[in-house]
Each structure stands twice: as C-alpha cells, then as structure tokens.
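Heads up: the structure comes next, in structure tokens.
The values are calculated or read from the model by the stated rules, or taken from the named source; none is laboratory data. Note that the structure is predicted; figures quoted are calculated from it, not measured. Because the Cβ atoms are built from the backbone with ideal geometry, glycine has one as well, and the counts that use them run over all protein chains shown. Side chains included, ligands, DNA and RNA excluded: accessible areas come from the protein's heavy atoms. Shrake-Rupley method; radii C 1.70, N 1.55, O 1.52, S 1.80 Å.
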Amino acid sequence: MKKFSLLILSVLLLSCSPDDNELATEGNFLEVYNGVVWKNYIEQDKISFWVVFSSSSFSEAEYMEGNDCEILVTRWGVEDSDGDKLTIKENSKNLLIVDYISKDYPEDNNTITITTLENANILNISMSDGGSETFNRVSTKPCE
C-alpha cells in the first residue's frame, strides 16, 4: 500500500508541472518578446513610433500626421544600405543590449540598453549618449 501511495503521489506531482503556455515566458529577450509591438506617441509633434523585435531583426516604424508610415527593418549583425549595423551584446530575459555602429558617422555610435518594466507593458530604451525613450505595449501592428 505504501508503494501504491508513492506512485499516486508521483503521478499527481508530474501532472501539476507547468504547461507549455507557462514555459513560453522563459528564454531570452528576443524569444520572449518576439513580435511584441511597443508604441511611443509624441502628442506635441503628432508623431507615432513603433518598435518590434524578432530573433533575426529589429523593426521600427514612424508615422507623422499627413505623411506615409515608414517602416525600417534592420537585421542583427548585418550592415544596412548605409553601412550601419546593430550587433547584440547581451540577450537575457528582460534585457537586450546592442551596439549601434555607423560606418559614415562614428560619432553616432552608441550602446543601446533595452529593458522591460511593469510586466513587460513598458519598454525603456536608453542610449550610452544619454538619450532615453519609453514605449507602451500595444495590441495593434505598426502603422495602425
């Protein structure tokens, strides 16, 4: 009877392990926030900015009232048409650190620190030159 009780207990413990949805929040920044959209709206200038991360790229969009929405996709570690490049330095659960390297304007080179706050509803982007921006998580796509 004692062995039977231990067997039942072990089955119950295994059946109470986390399901796949709970495990989906584990991993590094680019895995956990793959495809999540964050938006920053500047009321004074009537400009909307969106950022989206994936394992292969960083997307940013900008819309100013009266103009078309512009979307730029930058692949990690690959020079763009201007010779600029984003290289990942650290990629942990709620922290992504990247280096921005400009071929033509080395004075613009920056280390960018990206963190999530308030259960990932807020995204903070800080640059080594002192600049900082905050984005709110949204359920819409960029330019919507």
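Anything in segment 106-127 that is part of a loop (DSSP other than H, G, I, E, B) and over 20 Å from D82 (Cβ atoms)? List them, or say none.
E118, N119, A120, N121, listed by residue number.
Considering only segment 66-78, how many residues are open to solvent by less than 70 Å² (accessible area, probe 1.4 Å) and either touching a residue at least 40 places away in the same chain (Cβ under 8 Å) or among the basic types (K, R) (or both)?
1
Could you check segment 79-94 and list, in sequence order, the residues that are within 16 Å of S55 (Cβ to Cβ) and either touching a residue at least 60 places away in the same chain (Cβ under 8 Å) or out of contact with any strand residue (DSSP E or B) (no Cβ under 8 Å at 6 or more places or on another chain) (or both)?
N91, S92, K93
Could you tell me which residue of segment 48-65 is farthest from K141 (Cα to Cα), considering only residues that are open to solvent by 20 Å² or more (accessible area, probe 1.4 Å) and assigned to a strand (DSSP E or B)?
Just the residues of segment 48-65 that are open to solvent by 20 Å² or more (accessible area, probe 1.4 Å), to begin with: 49, 52, 54-56, 58-60, 62-65.
Then keep just the ones that are assigned to a strand (DSSP E or B); that gives 49, 52, 58-60, 62-64.
On the way: F49: 11, V52: 9, F58: 14, S59: 11, E60: 11, E62: 12, Y63: 13, M64: 16 Å.
Of everything passing the filter in segment 48-65, M64 is farthest from K141 (Cα to Cα).
Those residues that are touching a residue at least 12 places away in the same chain (Cβ under 8 Å) and acidic (D, E), I need them from segment 132-144; list them, please.
Pass one, segment 132-144, residues touching a residue at least 12 places away in the same chain (Cβ under 8 Å): 133-143.
Residue satisfying the conditions is E133 alone.
Could you list, in sequence order, all residues of segment 90-105 that are assigned to a strand (DSSP E or B) and either surrounded by 15 or more Cβ atoms within 10 Å (Cβ to Cβ) or of a type outside the set (A, V, I, L, M) (or both)?
Selection gives E90, N91, S92, L96, I97, V98, D99, Y100, I101.
What pairs come out if I take residues in segment 105-131 that are under 21 Å from E79 (Cα atoms) and pair them with residues that are surrounded by 14 or more Cβ atoms within 10 Å (Cβ to Cβ) and of a type in the set (D, E, K, R) whose C-beta lies under 8 Å away, six or more apart or interchain?
Close Cβ pairs (under 8 Å, with a partner that is surrounded by 14 or more Cβ atoms within 10 Å (Cβ to Cβ) and of a type in the set (D, E, K, R)) amount to N109/D99; N110/D99; T111/D99; I112/D99.
Would you point out the residue of segment 106-144, among those that are at pLDDT below 95 and acidic (D, E), that is surrounded by the fewest Cβ atoms within 10 Å (Cβ to Cβ)?
E107
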